[in-house]
Amino acid sequence: MSGAIMRAERAGAPLLAALHACAFPADPWDADAFAALLAMPGAFALIAAEDAIPAGFVLARIAADEAEIVTLGVVPRARRRGHGTRLAAAAAAEAQARGAGRLFLEVAAGNAAARRLYGRLGFREVGQRRGYYPDGADALVLALALSPPS
Ligand SMILES: CC(C)(COP(=O)(O)OP(=O)(O)OC[C@H]1O[C@@H](n2cnc3c(N)ncnc32)[C@H](O)[C@@H]1OP(=O)(O)O)[C@@H](O)C(=O)NCCC(=O)NCCS
């Protein structure tokens, strides 16, 4: 499935919050939280759209030669159409272009959909954080090696 990937500037915080609330209804982050995240050095956010309708988002941060996907989600109606994969790949490409050598993220151990998506992109488990999430679930730390831009 194709679709546009757009950069979200700081004014996009309310849209990011709305998409996050759809993707993570049990733990919505508000617009102020996204504005604060976007204000962090090295932070960037991308939005995937389908027929000009926002379908998903990723917010990532680059610090020196490492990058992190802070949050990524796709609204339920638009899932299984490749948006999550394209968002993660676009974040990896941006991090690589800005000189990051590795891209990290945390994923709940029981999140089979996300683990499969990231595994298919080449992410590998590099650590675990016991009881990392508010509900007590464990997180896996995944990393993707990024080759230097040519
Ligand atoms: C995880 C999530 C981002 C996937 O987004 P998506 O746009 O549906 O993902 P894609 O269409 O790119 O799927 C890529 C692959 O991931 C795997 N996958 C995705 N959803 C899956 C599911 N529900 N069950 C099993 N595998 C799944 C499949 O291998 C899929 O490829 P396929 O459709 O060819 O089988 C989405 O389900 C979501 O937003 N979930 C809630 C928030 C979340 O968990 N975010 C990630 C936190 S780290």
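Restricting to region 29-75, what's the tally of residues that are under 18 Å from Ile5 (Cβ atoms) and surrounded by 15 or more Cβ atoms within 10 Å (Cβ to Cβ)? Full working, then the answer.
We begin by selecting, within region 29-75, every residue under 18 Å from Ile5 (Cβ atoms); these are 34, 38, 43-62, 67, 69-75.
Subsequent filtering for residues that are surrounded by 15 or more Cβ atoms within 10 Å (Cβ to Cβ) retains 34, 38, 43-50, 54-62, 67, 69-75.
So the count comes out to 27.
Scan region 109-133 residue by residue and report those that are more than 16 Å from Ala92 (Cβ to Cβ) and either in a helix (DSSP H, G or I) or out of contact with any strand residue (DSSP E or B) (no Cβ under 7 Å at 6 or more places or on another chain) (or both). Walk me through how you get there before you give the answer.
To start, the set of residues in region 109-133 that are more than 16 Å from Ala92 (Cβ to Cβ) comprises 109-113, 115-116, 125, 127-133.
Gly110, Asn111, Ala112, Ala113, Arg115, Arg116, Arg130, Gly131 - these are the residues of region 109-133 that are more than 16 Å from Ala92 (Cβ to Cβ) and either in a helix (DSSP H, G or I) or out of contact with any strand residue (DSSP E or B) (no Cβ under 7 Å at 6 or more places or on another chain) (or both).
Within region 25-35, is there a residue that is assigned to a strand (DSSP E or B), more than 15 Å from the ligand (Cβ to nearest atom) and of a type in the set (D, E, K, R)?
Step one: list which residues in region 25-35 are assigned to a strand (DSSP E or B), which gives none.
There is no residue in region 25-35 that is assigned to a strand (DSSP E or B), more than 15 Å from the ligand (Cβ to nearest atom) and of a type in the set (D, E, K, R).
Which ones in region 62-86 are touching a residue at least 60 places away in the same chain (Cβ under 8 Å) and hydrophobic (A, V, I, L, M, F, W, C)? Let's see the steps before the verdict.
At the first step, the residues of region 62-86 found to be touching a residue at least 60 places away in the same chain (Cβ under 8 Å) are 67, 81-83, 86.
Residue satisfying the conditions is Ala67 alone.
Between a first residue in region 87-109 that is closer than 18 Å to Ala139 by Cβ and in contact (Cβ under 8 Å) with a residue 40 or more places away in the chain and a second residue that is surrounded by fewer than 16 Cβ atoms within 10 Å (Cβ to Cβ) and of a type in the set (Gly, Ala, Ser), which pairs have beta carbons less than 6 Å apart while being 6 or more apart in sequence or on different chains?
Pairs that qualify, where the first residue is closer than 18 Å to Ala139 by Cβ and in contact (Cβ under 8 Å) with a residue 40 or more places away in the chain and the partner is surrounded by fewer than 16 Cβ atoms within 10 Å (Cβ to Cβ) and of a type in the set (Gly, Ala, Ser), are Arg102/Ala145.
Any residue in region 137-146 that is under 24 Å from Gly3 (Cβ atoms), in contact (Cβ under 8 Å) with a residue 24 or more places away in the chain, in contact with a helix residue (DSSP H, G or I) (Cβ under 9 Å, 6 or more places away or on another chain) and not acidic (Asp, Glu)?
To start, the set of residues in region 137-146 that are under 24 Å from Gly3 (Cβ atoms) comprises 144, 146.
From what's left, in contact (Cβ under 8 Å) with a residue 24 or more places away in the chain: 144, 146.
With the extra rule that they be in contact with a helix residue (DSSP H, G or I) (Cβ under 9 Å, 6 or more places away or on another chain), the set shrinks to 144, 146.
With the extra rule that they be not acidic (Asp, Glu), the set shrinks to 144, 146.
Yes, that holds for at least one residue.
Does at least one position in region 52-60 carry a residue that is more than 9 Å from the ligand (Cβ to nearest atom), in a loop (DSSP other than H, G, I, E, B), modelled with pLDDT of 95 or more and out of contact with any Ser or Thr (no Cβ under 9 Å at 6 or more places or on another chain)?
Looking through region 52-60, none of the residues is more than 9 Å from the ligand (Cβ to nearest atom), in a loop (DSSP other than H, G, I, E, B), modelled with pLDDT of 95 or more and out of contact with any Ser or Thr (no Cβ under 9 Å at 6 or more places or on another chain).
Restricting to region 72-93, give me the number of residues that are touching a strand residue (DSSP E or B) at 6+ places or on another chain (Cβ under 6 Å) and more than 10 Å from the ligand (Cβ to nearest atom).
Residues in region 72-93 being touching a strand residue (DSSP E or B) at 6+ places or on another chain (Cβ under 6 Å) and more than 10 Å from the ligand (Cβ to nearest atom): 3 in total.
Have a look at Ala100, Ala113, Ala109 and point out the one that is surrounded by 14 or more Cβ atoms within 10 Å (Cβ to Cβ) and within 13 Å of the ligand (Cβ to nearest atom). Spell out how you get there, then give the answer.
On the way: Ala100 fails: within 13 Å of the ligand (Cβ to nearest atom); Ala113 fails: surrounded by 14 or more Cβ atoms within 10 Å (Cβ to Cβ).
After ruling out the rest, the residue left standing is Ala109.
Checking the structure you have, find out if any residue of region 102-120 is more than 19 Å from Ala17 (Cβ to Cβ), among the hydroxyl-bearing types (Ser, Thr, Tyr) and modelled with pLDDT of 95 or more.
Yes, some residue in region 102-120 is more than 19 Å from Ala17 (Cβ to Cβ), among the hydroxyl-bearing types (Ser, Thr, Tyr) and modelled with pLDDT of 95 or more.
The values are calculated or read from the model by the stated rules, or taken from the named source; none is laboratory data. Since the structure is predicted, the reported quantities are computational estimates derived from the model, not experimental observations. Note that each Cβ is placed from the backbone with ideal geometry, even for glycine, and that neighbours are counted across all protein chains shown.
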